[in-house]
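The values are calculated or read from the model by the stated rules, or taken from the named source; none is laboratory data. None of these values were measured; they are calculated from a predicted model. Note that each Cβ is placed from the backbone with ideal geometry, even for glycine, and that neighbours are counted across all protein chains shown.
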Amino acid sequence: MSIGTTRLAVVNWRDPWHPAAGGAERYAWEVARRLAAEGAQVRYVTSRARGQQRRNRVEGVEFVRLGGRFTVYPLVLLWMFLRRRSRRSSFDAVIDCQNGIPFFTPWALPRRVPVFCVIHHVHDAQFGLYFPRWMAWFGRVLEGPVSRWAYRRHAYVCVSPSTLSAVRERLGWTGSAYVVPNGTVSPPTGSVQEEPRPEETVPAAAQENPGGDPDLVCVTRLVPHKRIERLLDLAEHLKPRYPGLRLNVIGDGPEAAGFAAEIVRRDLGETVIAHGYVSEEAKSALVARSCLHLSTSQGEGWGLSVIEAAALGVPTVAYDVDGLRDAVRDGVTGWLAHSDEDLAGVVERALKELADPERRAETAAACREWAGAFDWARTAERWAELIAASSAAGSSSSDADRALVVRRRYG
């Protein structure tokens, strides 16, 4: 990796210690801290949650926190515009992370500064789940036509081949695009101790299931597009056959209260356990002892929780949708529910196969091998190559769309 003293801005909606942080924040942080370790001058520009410092430095990365959920966008543009002519505080390259709506940083930067618009997944179908119709329409316009125009001299970076396909087909992007997948998940370091999550305790319910029936687990944010109500439908379907079944749901979000109430209403308190946010150690313990990890999401950019489970030898059952069809190798490291299949039926088939010790051992080995193909160091190395080449050329645009971390499956 050779990135020298490049001045780099990583612009993301949240940082990895924000209460609503997810996989996009982990991606941005893992790349930022590794590039900083190689000598790059990295500023991570983001929003500020209540109680967070406006500025601090972690592992050589300077954090600048501006505004809230929506005000962060104009404030970041203003912050960058004010620095565009300063030799000391300007940038050689920008990683602009799109979370439905990008930051449109090219508008505030000199044309010679290369920008990479990072897209984890296309949000067009999700805007309607979170916003009224007019606002959802506006979000789709910003994500599509406005973004195409704003980044036309730059490049998109996608985290999976299916995201790249969605960018081409659904957003109409015809410019340069690279695929740089995630690495294997590791817990963030540094300011975790400075800014801890208050819930970081091992849950009392994290005990071994004494009944012999299967343990299932789902690691997810509790937000509408994750479709967590389907977990309860699944539990109701499986409970008569597996009375001792336990489904551990790990994660927090705005749907948490409604989810907990629905567990009570359906009388699933002994079957579905909503742990909320737990420490990395507790999460790993819950996942490792499960026979299956589940995802009910309607679409992802990749599926960090899938690879995290695979690293522990645990396969995943998920829907055959963007991102997840890349993270799960159907029939090898998990099972995909296709459009004509019911999730419960696929889970039952998976449990039947995993009841065979030889098949279970084979699947666990395949999961660990697959997860081992993804490494944050390789992800950062590809980013360093992209940034160094584009800085030298004065543009991130290129005809060579070959920045792939894992070639064994993807090309």
All positions within the stretch 95-114 that are at pLDDT 95 or above and among the aliphatic types (A, V, I, L, M): Ile95
Gly345, sole failed condition from (1) part of a helix (DSSP H, G or I); (2) touching a Gly at 6+ places or on another chain (Cβ under 8 Å); (3) not basic (Lys, Arg): (2)
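Would it be correct to say that Gly139 is of a type outside the set (Phe, Trp, Tyr), under 18 Å from the mean Cα position of the chain (by Cα) and surrounded by fewer than 24 Cβ atoms within 10 Å (Cβ to Cβ)? I'd like the intermediate steps shown before the answer.
Working: of a type outside the set (Phe, Trp, Tyr): yes; under 18 Å from the mean Cα position of the chain (by Cα): no; surrounded by fewer than 24 Cβ atoms within 10 Å (Cβ to Cβ): yes.
No, not satisfied.
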Breaking point among (1) buried (at least 22 other Cβ atoms within 10 Å of the Cβ); (2) closer than 28 Å to Ser297 by Cβ, for Gly68: (1)
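If a residue must be β-branched (Val, Ile, Thr), within 20 Å of the chain's Cα centre (by Cα) and either assigned to a strand (DSSP E or B) or farther than 12 Å from Ser295 by Cβ (or both), how many such residues does the stretch 328-342 contain? Let's see the steps before the verdict.
Kept after step one, since they are β-branched (Val, Ile, Thr), are these residues of the stretch 328-342: 328, 332-333.
Next, only the ones that are within 20 Å of the chain's Cα centre (by Cα) stay: 328, 333.
With the extra rule that they be either assigned to a strand (DSSP E or B) or farther than 12 Å from Ser295 by Cβ (or both), the set shrinks to 333.
Qualifying residue count for the region: 1.
Among the candidates Val314, Val321, Val278, single out the residue that is at pLDDT 95 or above, within 20 Å of the chain's Cα centre (by Cα), part of a loop (DSSP other than H, G, I, E, B) and of a type in the set (A, V, I, L, M). Lay out the reasoning, then the answer.
Values: Val321 fails: at pLDDT 95 or above; Val278 fails: at pLDDT 95 or above.
The match here is Val314.
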Members of the stretch 251-288 found to be among the basic types (Lys, Arg) and surrounded by fewer than 18 Cβ atoms within 10 Å (Cβ to Cβ), listed by number: Arg265, Arg266
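On the phi < 0 side of the Ramachandran plot, touching a residue at least 12 places away in the same chain (Cβ under 8 Å), small (Gly, Ala, Ser) and assigned to a strand (DSSP E or B): is that true of Ala20 in this structure? Spell out how you get there, then give the answer.
Details: on the phi < 0 side of the Ramachandran plot: yes; touching a residue at least 12 places away in the same chain (Cβ under 8 Å): yes; small (Gly, Ala, Ser): yes; assigned to a strand (DSSP E or B): no.
When the stated conditions are applied, Ala20 does not pass them.
Restricting the stretch 144-156 to residues that are buried (at least 22 other Cβ atoms within 10 Å of the Cβ) and under 14 Å from Val122 (Cβ atoms), which is nearest to the chain's Cα centre (by Cα)?
So in the stretch 144-156, the residues buried (at least 22 other Cβ atoms within 10 Å of the Cβ) come out as 147, 151, 154-156.
With under 14 Å from Val122 (Cβ atoms) added as a condition, the list becomes 147, 156.
Numbers: Ser147: 21, Tyr156: 17 Å.
Among residues in the stretch 144-156 that are buried (at least 22 other Cβ atoms within 10 Å of the Cβ) and under 14 Å from Val122 (Cβ atoms), the one nearest to the chain's Cα centre (by Cα) is Tyr156.
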Test: residue in the stretch 385-399 that is touching a strand residue (DSSP E or B) at 6+ places or on another chain (Cβ under 9 Å), exposed (fewer than 12 other Cβ atoms within 10 Å of the Cβ) and modelled with pLDDT under 95: yes
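With assigned by TED's automatic domain parsing to the domain that holds Ser295 and loosely packed, with under 15 Cβ neighbours inside 10 Å as the only criterion, which of Gly345, Gly334 stands out? Show your work before the answer.
Details: Gly334 fails: loosely packed, with under 15 Cβ neighbours inside 10 Å.
So the residue among Gly345, Gly334 that is assigned by TED's automatic domain parsing to the domain that holds Ser295 and loosely packed, with under 15 Cβ neighbours inside 10 Å is Gly345.
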Every residue from the stretch 139-172 that is out of contact with any strand residue (DSSP E or B) (no Cβ under 6 Å at 6 or more places or on another chain), assigned to a loop (DSSP other than H, G, I, E, B) and not aliphatic (A, V, I, L, M): Arg152, Arg153, Ser160, Arg170, Gly172
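Yes or no: Ala310 buried (at least 23 other Cβ atoms within 10 Å of the Cβ) and small (Gly, Ala, Ser)? Steps first, please.
Values: buried (at least 23 other Cβ atoms within 10 Å of the Cβ): yes; small (Gly, Ala, Ser): yes.
Yes.
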